[in-house]
Every structure is written in C-alpha cells, then in structure tokens.
Amino acid sequence: AQSVTQPDIHITVSEGASLELRCNYSYGATPYLFWYVQSPGQGLQLLLKYFSGDTLVQGIKGFEAEFKRSQSSFNLRKPSVHWSDAAEYFCAVGMKTSYDKVIFGPGTSLSVIP
Amino acid sequence: EPEVTQTPSHQVTQMGQEVILRCVPISNHLYFYWYRQILGQKVEFLVSFYNNEISEKSEIFDDQFSVERPDGSNFTLKIRSTKLEDSAMYFCASSATQGVRGEQYFGPGTRLTVT
C-alpha cells in the first residue's frame, strides 16, 4: 500500500541554523510530491511540489526539496531558519493512478529557539 | 489574497446528532475537497467534488457522510449520525484545476468534537 513516512516527530533548531526534514514514500512509481506547512490555527499551505524534471525544487519562504528516486525520499531543506518557521510540516504524495487523492505523512513539528 | 473559509471553527455535538460543516471555497475554483485529521494522526482525504457530483472518495467516506454545493458559494459536509470517532479537524480545500497536479488551497479547519 502507498504510504508516506516522516521519521522525525519533532525537531528543534536554533534560529539561523540550517534545517532538513526527512520524508520517505512507498509507491510503485514516482508519485507527485508535496510539502505543506501548517501554522497554529491555520490551514495547510503548499510550500513546494515536484512532478517531474529537475530533482531540486524551490518553494516559498526560502524552502527547497530534493527528490531522490534511489532513496524514495523528498527531503525539505532551508539554509537558515527563522522563528516564524515554527510550525507543523507535512510531506504528501499524489498518486498518478488517482485523480484527486493526496496521501499525507504524519507530520514533523518544528520548534525554533531564538 | 483569496482564501478558503470554514465555519464554525469549533463544533461540539452529541453522538447520534447530525452536523453540517460549511466551507466557502475560493470564488473561481471548481474543484472541492474535504479532508480530516484525527488528533495526533495524519491528514486523510475524504472526498473530492466537481460539477455537482463526487469525483472520488476514500473508504472513510461511508453512507454517513454526504457533500453538497447548495448554492454558488458554499460547499458543505454533512455527517448524518455522528460517532465518537468522528471527532477530528475537518479541512476544506479548493483548486482551480482537477487532480493532484492542481494546487489545493486549504481552509483553517473546523474542529468537531463528538461527546
């Protein structure tokens, strides 16, 4: 069955430090890949997405993610974290066999120390 | 910037009661979705809706659930007879294009508590 895993439930980083959030998926083919962010009391906001082509994708708020087919991974990175980045981050996949269904990972909660 | 809105932000209901969760999608969007997130668990797809009919639904979306676009602006999720396990955050989303390639814009959610 298709699944998305995010190994880190909670990560704490210092402001200005670099960040990497891990995501692995299990799927028979390369799915569509997404990263969403959810701030407290807010809905999910799309940070970036990968469909095909260049495996390094740039998103909003200075985030980027790299698709690695051999590792079935789509890790999210940011070179310098800001206090406002504290939020819940969800990796998600969209299956090419399904029109609309997006499968979400369990999320990683990010705390930022000033 | 246009956004998806949801009402109420929090709904408390007794088991067995009917609830209707309301969403106002972005005005020029044609594709609508409901997701739910049980506390501490993943966000799960429930249903997608286009042209006044369901496009796709998950195994969670059983006969207790229904969706409707009663007018040109609202999109609703009805749960006919709520169970304790329906307690969750329910997110509405809309998109301008169909399918997972179309960016889905999410509302802030309605927290449903069934007692």
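Just a few scattered comments:
- Given (1) within 11 Å of chain B (Cβ to nearest Cβ); (2) in contact with a helix residue (DSSP H, G or I) (Cβ under 9 Å, 6 or more places away or on another chain); (3) touching a residue at least 24 places away in the same chain (Cβ under 8 Å), number of the condition A:I113 does not satisfy: (1)
- Top-ranked residue of the stretch A:61-89 - restricted to ones that are in contact (Cβ under 8 Å) with a residue 60 or more places away in the chain and either on the phi > 0 side of the Ramachandran plot or assigned to a strand (DSSP E or B) (or both), ranked as nearest to the other protein chains (Cβ to nearest Cβ): A:Y89
- Members of the stretch B:26-45 that are over 21 Å from A:G94 (Cα atoms) and within 14 Å of chain A (Cβ to nearest Cβ): B:I26, B:L39, B:G40
- Of all residues in the stretch B:54-65, those that are more than 10 Å from chain A (Cβ to nearest Cβ) and under 15 Å from B:I38 (Cα atoms) have Cβ atoms under 7 Å from Cβ atoms of residues that are crowded, with 17+ Cβ neighbours inside 10 Å and among the acidic types (D, E), 6 or more apart or on another chain, in B:I60/B:E44.
- Identity of the residue in the stretch B:6-39, open to solvent by 80 Å² or more (accessible area, probe 1.4 Å) and of a type in the set (G, A, S), that ends up modelled with the lowest pLDDT: B:S27
- From A:Q42, A:Q58, residue being facing chain B (nearest Cβ under 10 Å) and polar (S, T, N, Q): A:Q42
- The stretch B:77-111, residues that are modelled with pLDDT of 90 or more, hydroxyl-bearing (S, T, Y) and either part of a loop (DSSP other than H, G, I, E, B) or open to solvent by 40 Å² or more (accessible area, probe 1.4 Å) (or both): B:S81, B:T82, B:S87
The values are calculated or read from the model by the stated rules, or taken from the named source; none is laboratory data. Please read all numbers here as calculations on a predicted model, not as lab measurements. All Cβ positions, glycine included, derive from the backbone under ideal geometry; neighbour counts span all protein chains shown. Heads up: the accessible areas ignore ligands, DNA and RNA and are worked out on the full protein's heavy atoms, side chains in. Shrake-Rupley method; radii C 1.70, N 1.55, O 1.52, S 1.80 Å.
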